[in-house]
1. Pop a pseudo-label 7 angstrom from the Cα along the beta-carbon direction at both Q43 and E130 and give the gap in nm to one decimal.
2. For S156 and S176, what does the FRET efficiency come to when R0 = 41 Å and r is the distance between their Cβ atoms, rounded to the nearest 0.05?
Amino acid sequence: MSQKGNYGAPPKYLNDFSKALASEVRILLAEVGKLRDERRQLQYEIAELMAVKSKHGAGGEFTPDWAPKHEEPPPVPASPPPAPPSMIDDGIPARPAWRTVHKREERRHKAKAKALQAAPPPPPAITAPEPVNLPAWAQWKPNPLLSPAPMMGSPSAPLPSDHAMPPRSGLFGPPSPPPK
């Protein structure tokens, strides 16, 4: 008989080797972590030293008026270098390469000129209504002629308020009585 999928337990030397390898990997990862932390610490210290140098150096917080010594300027050449060849300028704008654009006069000038010529006459002044000699409380009293009067229903066209409404029933039964 042949055993195809089941080989049994691995040999002892493979098991010991994998355990030793795992422990070595753990040690190396711990060392890499330490090195990374040391690197971050060194970068931080370098940044602090550079900040101190910039504060105490030229133009820093503690010596802002310091400037480097002025040396002699470089000698000026006897003749200026020849100018680069410039484009030919005839004074005429170049034709566009892919479409023709015609410049138009702005319409604003025409509209402004017409508006200035034909200014409409000012509207007539609105006269204030003449004050009525009424007491202050009467001025706020509504006009009884403009207030609506209740309409009476007829037998042919009854109004909803003419009929007694049936007691309404809520979703959970009749409504509770109002508080007293």
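1. Label-label distance for Q43 and E130, simple model: 9.2 nm.
2. 0.60
Here, each number is a calculation from the coordinates, and none is a lab measurement. Since we're looking at a predicted model, the values are computed, not measured. Cβ: placed from backbone, ideal geometry, glycine included. Neighbour counts: every protein chain shown.
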